[in-house]
Amino acid sequence: MNRLVLLLVLATAFSVRAGQIVFESKPARAHLIELYTSEGCSSCLPAEEWMSGLKNQPRLWQDIVPVAFHVDYWDHLGWRDPFSSHANTVRQEAYARHLGTQGPYTPQMVIDGAVEFNGADGRRAQEEIARAATRERTAVRVTRNGAGIRIEIDAAPRAAYVMLAVAQDAGDSQVKGGENNGRRLQHVAILKSLRKVAQVKKGAG
């Protein structure tokens, strides 16, 4: 079953009409950038640095939406990542099955749920984001009227999930063990929760 991640505010333009709030997707497609990382992984540092650099780009939250998923399978190797979650590991394992990788690894980057690669390769990341811009765009319209919300998706798959992601803008940690022992690490766009809030069909909400 296909998944649709709908970022209601970040990737949409909006208008207010007679008691309604209407969100509509922009003509250009916004791209979801997922980074699977851990504070216990020294090779994750270049990927984290690249992700942090996105905060200086004017297209942030408009054309590119980065989210860092801290996994927990490094936690028993000398340092427990305070931002880690087993749910993030489960999500990455699902990607491994879907995208045909040997298994979860860090740092891994996934663009629009369609392509994965070593997240430390910033050049590859830029190339994949540019390539993703050529893929077909799905138009989304969200109408809020009082307590009710209607979601309409053009050319939706058979079934699509509307996911609500909550991310922490920034965070830091003084690491006292493992591969990054002694380092103070800075993070951005740290996922705090991800949950399904609705299921829609083509032309319905």
(request) Say whether the condition of being at pLDDT below 85 and in contact with a Leu (Cβ under 9 Å, 6 or more places away or on another chain) is met by at least one residue in the stretch 34-48. (result) no
(request) Scan the stretch 106-125 for residues that are in a loop (DSSP other than H, G, I, E, B), free of Cβ contacts under 8 Å to residues at least 40 places away in the same chain and within 19 Å of Cys41 (Cα to Cα) and report the count. (result) 1
(request) Would you check which residues across the stretch 90-109 are among the basic types (Lys, Arg) and open to solvent by 70 Å² or more (accessible area, probe 1.4 Å) and list them? (result) Arg97
(request) Could you please find all residues in the stretch 28-62 being without any contact (Cβ under 8 Å) to a residue 60 or more places away in the chain and under 18 Å from Val166 (Cα atoms)? (result) Ala30, Leu60, Trp61, Gln62
(request) Answer yes if at least one residue in the stretch 52-63 is within 16 Å of the chain's Cα centre (by Cα) and modelled with pLDDT of 95 or more, and no otherwise. (result) no
(request) Being open to solvent by less than 70 Å² (accessible area, probe 1.4 Å) and in contact with a Phe, Trp or Tyr (Cβ under 9 Å, 6 or more places away or on another chain) is the filter; apply it to the stretch 142-165 and report the residue that is modelled with the lowest pLDDT. (result) Val142
(message) Please go through the stretch 110-129 and give me each residue that is open to solvent by less than 40 Å² (accessible area, probe 1.4 Å), within 15 Å of the chain's Cα centre (by Cα) and not charged (D, E, K, R), ordered by number.
(response) Val110, Ile111, Gly113, Val115, Phe117, Gly119, Ala125, Ile129
(request) Tell me which of these Val22 doesn't satisfy, since it passes every other one: (1) of a type in the set (A, V, I, L, M); (2) at pLDDT 65 or above; (3) under 19 Å from Asp169 (Cα atoms); (4) open to solvent by less than 30 Å² (accessible area, probe 1.4 Å). (result) (3)
(request) Can you tell me which residue among Gln168, Gln186 is under 22 Å from Glu34 (Cα atoms), modelled with pLDDT of 75 or more and in contact with a His (Cβ under 9 Å, 6 or more places away or on another chain)? (result) Gln168
(message) If the requirement is being part of a helix (DSSP H, G or I) and either modelled with pLDDT of 95 or more or farther than 30 Å from Cys41 by Cα (or both), which of these qualifies: Glu179, Glu128?
(response) Glu179
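The values are calculated or read from the model by the stated rules, or taken from the named source; none is laboratory data. What you are looking at is a predicted structure, and each value in this text was computed from that prediction instead of being measured. A quick note on method: Cβ atoms are made from the backbone with ideal geometry, for glycine too, and the neighbour counts reach across all protein chains shown. These accessible areas exclude ligands, DNA and RNA; they are computed on the full protein's heavy atoms, side chains included. Shrake-Rupley method; radii C 1.70, N 1.55, O 1.52, S 1.80 Å.
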